[in-house]
Amino acid sequence: MKQIAILGSTGSIGTQTLEVVRANGDIQVVSLAAGSNIVRLEEQIREFSPKVVCVWQEEQARELKRRVADLPVKIVSGMEGLLEAATVPEAEIVVTAVVGMIGIRPTMAAMEAGKDIALANKETLVTAGHLIMPLARKRNVRILPVDSEHSAIFQCLNGEDKRRVSRILLTASGGPFRGRTREQMRHIGVEDALKHPNWAMGRKITIDSSTMVNKGLEVMEARWLFEVGLESIQVVVQPQSIIHSMVEFVDGAVMAQLGTPDMKLPIQYALYYPGRRPLGGGRLDFAVLSQITFEAPDTVNFPGLALAYRVGKQGGTAPTVYNAANEMAVRLFLEKKIGYLEITDIIEAAVEEIPFREDPGLEEILETEQMTYEFIKGRWKV
């Protein structure tokens, strides 16, 4: 019986992870953590019987504790509670599916405790990859990617010599506004941006996909996961979301991982790696599909991707500023306090203005995050 912890259990990745658990029957969930959805969290507690459950807000944790008083579960809160959920002794693997930089500390704590990481929190590597990867080697733990693109690359590299990789070809759907100019996107509303053509995802990542900022974050994440230079990572728009990513080797051979747009596949692959299990759902029908098309990314009308390459090459705290500015800008857009195009404007302004630090430790990364938030609040009066 495999024992796992799930951080972010009420979100899109968390709930799909529990679907995988439910379908297989040989995984025990020993801890859960969520932000505020205590109704769904109570349902999860009653179905999966975890030992420890964290809710971020102390008041909501008290309410959840009251609701599950008939069950033998420990309810905790805040960062201290999140760290406890991440380091439950029984857990062998921790699924890190919380949104944002809040995921860094529990991920590092879990690794220090010797646990493998099923990584769905890309901010961890984007902002602290220089800390995370050496720690993984030191503690001899595995980082197993859950993002569909990174899982695809991981699968293509399975059994291969990473030193023989020529390029990583990171695919992108192009989002709902592919082909539009900035002028055509000027009056886009929240409801429009939340309609992704292929994937069902959380609100924040769906907006990130529409701006191509998500692909920029994935480029920076891939750099650390697969230990390649940014110049060896090429983004390719593949609108059907059938090819999840590809790897080109030094002899010119290209290996690709294909499948339907279903996040349960990379989740299950990470949980059972190196094995494979049957998975329900649709299968590709190539006769019906008929064609797969490719395009170069539009970095003029979607400047967030080009900016990601720039800050990725700069390193230091620049990726932290990029990520933190995007987190706040997306939140403001979802709250209808800024326009759609202002998302990337805010990111670029923050990258230009926030002081740069060359080799930041964890505290400096978190300080930079707060400096970024304060800059945006002052400049945009929100």
Filter the stretch 236-274 for residues that are of a type in the set (Val, Ile, Thr) and within 20 Å of GLU295 (Cβ to Cβ); which is most open to solvent (accessible area, probe 1.4 Å)? VAL254
Regarding GLU231, is this residue among the charged types (D, E, K, R), under 26 Å from ALA325 (Cβ atoms) and either at pLDDT 95 or above or within 19 Å of the chain's Cα centre (by Cα) (or both)? yes
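Just a yes or no: is a residue in the stretch 210-221 closer than 18 Å to ASN121 by Cα, assigned to a loop (DSSP other than H, G, I, E, B), touching a residue at least 40 places away in the same chain (Cβ under 8 Å) and not hydroxyl-bearing (Ser, Thr, Tyr)? Write out each step before concluding.
Narrowing the stretch 210-221 to residues closer than 18 Å to ASN121 by Cα: 212-221.
Those still in the list that are assigned to a loop (DSSP other than H, G, I, E, B) too: 212.
Of the ones still in play, those that are also touching a residue at least 40 places away in the same chain (Cβ under 8 Å) are 212.
When the remaining residues are screened for being not hydroxyl-bearing (Ser, Thr, Tyr), the result is 212.
Checked against the condition, which is being closer than 18 Å to ASN121 by Cα, assigned to a loop (DSSP other than H, G, I, E, B), touching a residue at least 40 places away in the same chain (Cβ under 8 Å) and not hydroxyl-bearing (Ser, Thr, Tyr), the stretch 210-221 yields at least one hit.
What is the residue count in the stretch 247-286 for residues that are of a type in the set (A, V, I, L, M) and more than 19 Å from the chain's Cα centre (by Cα)? It would help to see each step written out before you state the result.
Of all residues in the stretch 247-286, those of a type in the set (A, V, I, L, M) come to 247, 250, 253-256, 258, 263, 265, 267, 270-271, 279, 284.
Remaining after also requiring more than 19 Å from the chain's Cα centre (by Cα): 247, 250, 253-256, 258, 279, 284.
The number of residues fulfilling the criteria is 9.
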Here the residues within the stretch 22-40 that are surrounded by 22 or more Cβ atoms within 10 Å (Cβ to Cβ) and assigned to a helix (DSSP H, G or I) are ILE38
Subset of the stretch 64-91 [under 29 Å from the mean Cα position of the chain (by Cα) and either closer than 12 Å to SER36 by Cβ or of a type in the set (A, V, I, L, M) (or both)]: LEU64, VAL73, ILE75, VAL76, SER77, MET79, LEU82, LEU83, ALA85, ALA86, VAL88, ALA91
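Within the stretch 282-290, does at least one residue satisfy the condition of being in contact (Cβ under 8 Å) with a residue 40 or more places away in the chain, among the hydroxyl-bearing types (Ser, Thr, Tyr) and either out of contact with any Cys (no Cβ under 8 Å at 6 or more places or on another chain) or open to solvent by 60 Å² or more (accessible area, probe 1.4 Å) (or both)?
Initially, the stretch 282-290 is screened for residues in contact (Cβ under 8 Å) with a residue 40 or more places away in the chain, giving 284, 289.
From what's left, among the hydroxyl-bearing types (Ser, Thr, Tyr): none.
No, the stretch 282-290 has no match at all.
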Heads up, the strands (runs of 3 or more DSSP E) in the stretch 50-115 (entirely inside) with at least 3 residues that are small (Gly, Ala, Ser) and surrounded by 21 or more Cβ atoms within 10 Å (Cβ to Cβ) are none
Looking at this structure, is GLU80 of a type in the set (Asp, Glu) and in contact (Cβ under 8 Å) with a residue 12 or more places away in the chain? no
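The values are calculated or read from the model by the stated rules, or taken from the named source; none is laboratory data. Remember, it's a predicted structure, so these values are computed and weren't measured experimentally. Reconstructed Cβ throughout: ideal geometry from the backbone, glycine too, with neighbour counts over all protein chains shown. Remember, those area values only see protein heavy atoms, side chains included, never the ligands or the DNA or RNA. Shrake-Rupley method; radii C 1.70, N 1.55, O 1.52, S 1.80 Å.
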